[in-house]
Amino acid sequence: MSDSDIVKDFLIESYENLDRLDRDLVGLEKNPQDRDALAGVFRTIHTIKGTCGFLGFGKLEKVAHVGENLLTRLRDGQLRLNQELTTALLAMVDAVRQMLGSIEVSGAEGERDDTKLIATLTRLQQPSEPPAKSQSASVPEITIEAAAPPASIGDILMQQAGVTPAEILRAAKTQKEGDPRRLGEILVEQGAVKPADIVDALRAQSSRTHAGASDSSIRVDVGLLDKVMNLVGELVLARNQVLQFANRAKDTGFLAASQRLNLITTELQAGVMKTRMQPIGNVWGQFPRTVRDVALACGKEVGIEMEGKETELDKTIIEAIKDPLTHLVRNSVDHGIELPEARVKAGKDRAGRLILRAFHEGGQVNIEISDDGAGLNVERIRKKAVERALITAEQAARMPEREILNLIFLPGFSTAEKITNVSGRGVGMDVVKTNVEKIGGTVDVQSTLGGGTTVRVKIPLTLAIIPALVVTCGGDRYAIPQISLLELVRLKADQVSKGIELVHGTPVYRLRGRLLPLVYLSRELKLNEAAQSTAKSDGAVNIVVVQADERRFGLIVDQINDTEEIVVKPLRKQLKAVKTFAGSSIMGDGKVALILDVLGLAQRAGVVSETRDRSMAEKIVELVATVEEKQTFLLFAGPGDSRMAIPLSTLARLEEFPVAQVEMSGSQWVTQYRGQILPLVRLNVVMEERRNKLRARQAPPALHSGPIQVLVLNHDGRSFGLVVERILDIVEDRADVRSAATRSAVLYSVVIGDRVTELLDVPAILRSVDVSNVRPGPAPRVAEAAN
């Protein structure tokens, strides 16, 4: 191995160790008694010092050596870790990291002066007061070799040196508590083994440990991994071309081979994509240090909790979100969480909580940064936005709370009273939003005044190969990322004039009661009119319903082709400024298709801004329309376990009568009800065939049956009871999906609560039942029925 390879391996290993040092030191500050963590920190610094001395990096060795001396005092119990010691050790870690960066760039440690840092670390090695003897005596010495379990050494000695288990047991019994000798030393003193055997056993143990770690993983250069990923992307394109040709060919053998190629390519793509996946904990590892430093600078006490650190993301995505997440974390500590005195006054704990969550949902990764701080003041944000002329006063008055909160992502916006070295300049949150949207993600904020703030970031798993819907417009093909796609709507030629309306000059389509703004892709891209007219010869309209910035709109295209996996190719730098396109891809026939940037297209068409301006008015209109259209229904079980309903407005009361109270009046069931004779109409009789009705109607109720459930209904100023099987529920629904009735006494079938329900025709039921020989009393008064 060459010297350059040795230095490269040293840098990679040292960077990983330093990241772990940040986490371990912050954790040790909270729990100084964690001896295992302290031993791990000591071993890490010891390794870096030894290797850099071997490679001739004197400055780096000097800083690491004085840090190791301080850690030795901590390890031996002569010092106790506190905030001052932790800050000094973290400063040493930063100095080592900066020197490593200089070595990586130039091969040398750089022109640094670490005299002050070394003096500080040396001064801190002297204890402020001598530790108690009992304390120093109770803390066992931790050495590098102590990390290896004695039993493993014993196993190796039994295998290689012929030591018997009895000799191992006798040596272990000899080693009493506080005995500084190691198991190997005792065995040598007892004559069981030679010193050379101990050395061979330690070497064997070390090789086994390293072999176990190397067998499970290897280091791969990122450049090589990216190259393999690009080749897999080209293979996917070739696969698409072969499949397209195979579908037109009639050769069954070629078709089978193409399907096999498709299967192998898909599995290979999944495998290579998995090699690029990294847990988000790799990014989160630096946040405990970040939170500690910012909280210390602001005079706050903040604890951090992390959930879902194992959630995996593509390496490209990991690199893209590192800076935005760091800014959000710093912002939460600086702006979100109050000072300890203010928290105590508000009835909270002195120490604030910052919670990071990550989880997969719907093909995306959701990241939440939550704090239990003071929350965002909506009115203050609204006022600041108007003062800075970011929005007009009229817009601010109409905007809902959620959109007001998201104004913090506008460039130049800040509500900070003063500028600090952490934040307050109005630069950062807009960059966060821009960087997240560049990788196809979205960012949103929710806050409760006095209760805290949550920022939600949604991002795709990977960027290299994505599923997309391919559409045609103006003779050219375009790809719409499936992550932005909601549904597809096709209007036939005779439906276009009725389906598409104009509201304030903007075309809209009423989709399930909501107005959907429409954007003609051909107009936004200024495509060839001749090509458009040829593509739309049938007069139908294809609407692709997409979502941008949490808002829906319809994209009108000429043709909808199919969904397929496409390889994303970045645009050249000359086209980077064009917001309409997010990239390009090579299709199965070898031609290029541009990938649409849905958010950029919405901004260009003015859909997002217009929708924001009118959002509050539309919500009010929708709410009024919903209230007007909805009805309340009583649901009950009908004959044959069917689901039936009646409008609740026709119901006077729900009653339950014992069978003994039911009498026969001719062929009609009746009962005495509030000083009146109430006819009882049996639903199962009404819906039976005519030849069975008379026999069923004349049958008295079985005495052994339980009480009967009756709906007391009002119609034409009179009341009667409808006997039903079982009452289910009372629901509110529009019931706008209807179909014709399939049997008598049913008005029509409707969808209520997402289930098909038969709506009863109350007048038809009365007409089908002979109640002329019964004189029912008047309907109960409203006040009486409510009792």
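Summary of computed values
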item	result
T47-Q259 pseudo-label distance in nm [points 7 Å out on the Cα-to-Cβ vector]	5.1 nm
Gain upon complete extension [R604, T392; 0.36 nm per residue less C-alpha separation]	74.3 nm
Fully extended contour minus Cα-Cα distance, from L410 to H504, at 0.36 nm per residue	31.1 nm
Shape call, segment 219-275: gyration tensor on alpha carbons, a/c limit 1.5	prolate
Solvent-accessible surface (1.4 angstrom probe) belonging to H327, in square angstrom, nearest 10	50 Å²
13 Å beta-carbon shell around D113, net charge (K/R +1, D/E -1)	+1
Amide H contacts under 5 Å for T311, placed H, 5+ residues apart	I280, G281
Amide H contacts under 5 Å for M306, placed H, 5+ residues apart	L356
Per residue accessible area of segment 16-78, 1.4 Å probe, in Å²	42 Å²
Around P763: net Lys/Arg minus Asp/Glu count, Cβ-Cβ under 13 Å	0
Of all accessible heavy-atom area on segment 446-488, the percent that carbon and sulfur account for (1.4 Å)	53 percent
Accessible surface, 1.4 Å probe, highest first, among residues H360, H504	H504, H360
Difference of contour (0.36 nm per residue) and Cα-Cα distance, I560 to D589	8.7 nm
Among the listed pairs K309/K438; K59/K322; K498/K526; K116/K300; K300/K438; K300/K384, those beyond 32 Å (Cα-Cα)	K300/K438
For segment 284-420: rounded, prolate or oblate by the Cα gyration tensor [a/c cutoff 1.5]	oblate
Distance between modelled label sites at S642 and R402, nm, 7 Å Cα→Cβ extension	4.1 nm
Y520, Y478, ranked by accessible area, largest first (probe 1.4 Å)	Y520, Y478
D34, D729, ranked by accessible area, largest first (probe 1.4 Å)	D729, D34
Probe 1.4 Å - accessible area at K458, Å² to nearest ten	70 Å²
F581 accessible area, assembled protein chains, probe 1.4 Å, Å²	50 Å²
Mean shadow area of segment 472-522, taken as a quarter of the surface of its Cα convex hull (nm²)	4.6 nm²
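The values are calculated or read from the model by the stated rules, or taken from the named source; none is laboratory data. None of the values given here were measured: they were computed from a predicted structure. Cβ: placed from backbone, ideal geometry, glycine included. Neighbour counts: every protein chain shown. Ligands, DNA and RNA are excluded from the accessible area calculation, which covers all protein heavy atoms including side chains. Shrake-Rupley method; radii C 1.70, N 1.55, O 1.52, S 1.80 Å.
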